[in-house]
Amino acid sequence: MIILGIETSCDETGVAILKIKEKESKIEILANELFSQAKLHAKYGGVYPTLAKREHKKNLPVLLKRAIEKANPKKIDLLAVTVGPGLDPCLWEGINFAKEFAKKEKISIVPVNHIEAHILINFLSNLNFNLFPTICLIVSGGHTQLILMKKIGNYKILGETRDDAAGECLDKVARLLGLGYPGGPAIEKIASLKLQASRFKIHLPRPMINQKNFDFSFSGLKTAVLYDFKNKSEKERKSKEYKVAMAREVQQAVIDVLIEKTLRAAKIFKVKAIVFGGGVMANKQLRKQLVERIEKETPKVEYFIPEPKYCTDNGVMVAIAGFFHKKRKIKNFEKIKAEANLKVSVPL
Ligand code: KG4
Ligand code: ZN
């Protein structure tokens, strides 16, 4: 079957077309078109919803045309679109575009939960995934959640951030240091420079790392960065060494907390697998340290980390989620609405 996936929940416009051969459990990505608005939002230091909506409106027809030209499908069988969680005006832009196209093509729509799509992209090369229970860690600019997955469609949120998401924290720190937006990749880049920065000995807290729950908190980390920053002279703050030292420490603080809580959940719930998703998972240090610690501490647990391009928002993950939930397809489009605060634990 041929599935079209549309993603517009935040600042990436994603359109993908997949060919899924169910009997052979094979997925072929015929087209994966993406437009990242990151540069446009850079001057605001974060996503500016009205601008994002306008950009989605402009980009959707262009990306769809390009995707259809590339994929050249005989017929599209099903359309999957993200309905939440995300920015309300952005979600509506994708939904309305999807409805228009589906009406024209006389096909049904599967509404998709964005967080579930981040989880299900892990099964891109493993449609018959059956290692349950599984722990899912989703870390993005809007979310930081640890989820217990009993099967596809059955999720329990074990914990989540009580304030800022991990990506949001990195974005804010990057802004303070003048590194640009999105902050995660900017912090990763400067932290990896081969530069001695040991004259700055910075120790940031690892918020909630020793608490027995699975919640996170990253706003205190941002405040601790601000404190240190304010105590430095103008010259020190602007020095490359300071930025490098701070980027390394804040990145490591986020990594330590994410890994500790995920491994603890994996052990307590005796899971068979751990899967990851969300933009922050594109971070090379996080990926490297995760692999090392999983292999050392829970060697029997399987783990899946999507390729970096599938960690950040994209249309492929929406199409996959649409495939797994194809029975949920809807013909009466009136029922399909944006749900900005949708929870992964509440089935659509
Ligand atoms: O999943 P995503 O593309 O969009 C949301 O749903 O939020 O995640 C975007 C977030 C941003 O906060 C960005 O700074 C962060 O992911 N991010 C990274 C990296 N690439 C993106 N954080 C750390 N290291 C990266 N390489
Ligand atoms: Zn996302």
Within region 1-42, residues away from ligand 1 (no atom under 16 Å from the Cβ) and not hydrophobic (A, V, I, L, M, F, W, C) come out as Lys19, Lys21, Glu22, Lys23, Glu24, Ser25, Lys26, Glu28
Per the filter on region 151-175, residues farther than 21 Å from Ser36 by Cα and in contact with a Phe, Trp or Tyr (Cβ under 6 Å, 6 or more places away or on another chain) are Lys151, Ile152, Leu158, Gly159, Thr161, Asp164
Filtering region 75-114 for residues that are closer than 22 Å to Lys343 by Cα, out of contact with any Pro (no Cβ under 7 Å at 6 or more places or on another chain) and of a type outside the set (D, E, K, R) leaves a count of 17
Residues in region 147-180 that are within 16 Å of ligand 2 (Cβ to nearest atom) and either surrounded by 20 or more Cβ atoms within 10 Å (Cβ to Cβ) or more than 20 Å from His118 (Cα to Cα) (or both) total 11
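Here's the yes/no breakdown for (1) within 16 Å of ligand 2 (Cβ to nearest atom); (2) outside any strand (DSSP E or B); (3) out of contact with any Cys (no Cβ under 6 Å at 6 or more places or on another chain):
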{"position": "Ile3", "(1), (2), (3)": "no, no, yes"}
{"position": "Thr13", "(1), (2), (3)": "yes, no, yes"}
{"position": "Gly46", "(1), (2), (3)": "yes, yes, yes"}
{"position": "Leu64", "(1), (2), (3)": "no, yes, yes"}
{"position": "Lys99", "(1), (2), (3)": "no, yes, yes"}
Of the residues in region 1-32 that are open to solvent by 10 Å² or more (accessible area, probe 1.4 Å) and of a type in the set (A, V, I, L, M), the one that is nearest to the chain's Cα centre (by Cα) is Ile29
Exactly one of Gln251, Gln289, Gln285 is touching an Asp or Glu at 6+ places or on another chain (Cβ under 9 Å), over 18 Å from Gly183 (Cα atoms) and within 16 Å of ligand 1 (Cβ to nearest atom), and that residue is Gln289
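Okay, residues lined up against (1) open to solvent by 30 Å² or more (accessible area, probe 1.4 Å); (2) within 21 Å of Val301 (Cα to Cα):
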site: Ser239; (1), (2): no, no
site: Ala247; (1), (2): no, no
site: Gln251; (1), (2): no, no
site: Val254; (1), (2): no, no
site: Arg264; (1), (2): yes, yes
site: Gly278; (1), (2): no, yes
site: Met281; (1), (2): no, yes
Residue hits (region 292-303; open to solvent by 40 Å² or more (accessible area, probe 1.4 Å) and in contact (Cβ under 8 Å) with a residue 12 or more places away in the chain) are Arg293, Glu297, Glu302, Tyr303
Taking region 306-338 and the residues there that are without any contact (Cβ under 8 Å) to a residue 60 or more places away in the chain and in a loop (DSSP other than H, G, I, E, B), the one that is farthest from ligand 2 (Cβ to nearest atom) would be Asn332
Checklist entry - What about Thr134, is it within 16 Å of ligand 2 (Cβ to nearest atom), at pLDDT 95 or above and open to solvent by less than 40 Å² (accessible area, probe 1.4 Å)? => result no
Within region 107-123, of all residues that are within 16 Å of ligand 1 (Cβ to nearest atom) and surrounded by fewer than 24 Cβ atoms within 10 Å (Cβ to Cβ), the one nearest to Ile3 (Cα to Cα) is Ile121
Okay, strands (runs of 3 or more DSSP E) sitting entirely in region 105-171 with 1 or more residues that are farther than 18 Å from Lys327 by Cα, I get 134-139, 144-151, 154-160
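The values are calculated or read from the model by the stated rules, or taken from the named source; none is laboratory data. As the structure is a computational prediction, the values presented were derived from the model and not from experiment. A quick note on method: Cβ atoms are made from the backbone with ideal geometry, for glycine too, and the neighbour counts reach across all protein chains shown. Accessible surface areas use protein heavy atoms only, side chains included; no ligands, DNA or RNA. Shrake-Rupley method; radii C 1.70, N 1.55, O 1.52, S 1.80 Å.
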